[in-house]
């Protein structure tokens, strides 16, 4: 078993009973160990077995209960790579060819961004 904890920002709650409704429904999901929903902070804190369920499944359960979960998309710009054609299908093969193994390729990228 691999337990994980996550806090999800919940939208659409108008009272403490809303929080209890979400909490009750989350606890019914197979793999959920504990669920606490706080109306005041608008957050659901869930402990679950990540081998049985994923975070997206928890969010779907909240949606199915009639509430929302705040999501975001993050774009990370990659700069300083001069050995590949970014945005091309040839990018990974070129990196792989240069470093001759997937692990060495990933290590080179990690070293670049951590250094």
Please go through the range 9-45 and give me each residue that is under 18 Å from the mean Cα position of the chain (by Cα) and exposed (fewer than 14 other Cβ atoms within 10 Å of the Cβ), ordered by number. 9, 11
Scanning the range 4-27 residue by residue, the ones that are under 15 Å from residue 57 (Cα atoms) and in contact (Cβ under 8 Å) with a residue 12 or more places away in the chain total 11
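Can you find even one residue in the range 81-98 that is at pLDDT 95 or above, buried (at least 16 other Cβ atoms within 10 Å of the Cβ), in contact with a helix residue (DSSP H, G or I) (Cβ under 9 Å, 6 or more places away or on another chain) and over 15 Å from residue 4 (Cα atoms)? Show your work before the answer.
Taking the range 81-98 and keeping what is at pLDDT 95 or above, we get none.
No - not one qualifying residue is present in the range 81-98.
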Quick check: anything in the range 46-58 exposed (fewer than 14 other Cβ atoms within 10 Å of the Cβ), at pLDDT 75 or above and in a helix (DSSP H, G or I)? yes
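The values are calculated or read from the model by the stated rules, or taken from the named source; none is laboratory data. Bear in mind that the values here come from a model prediction, so they are computed numbers and not experimental data. Cβ sites come from the backbone with ideal geometry, for glycine too, and all protein chains shown count toward neighbours.
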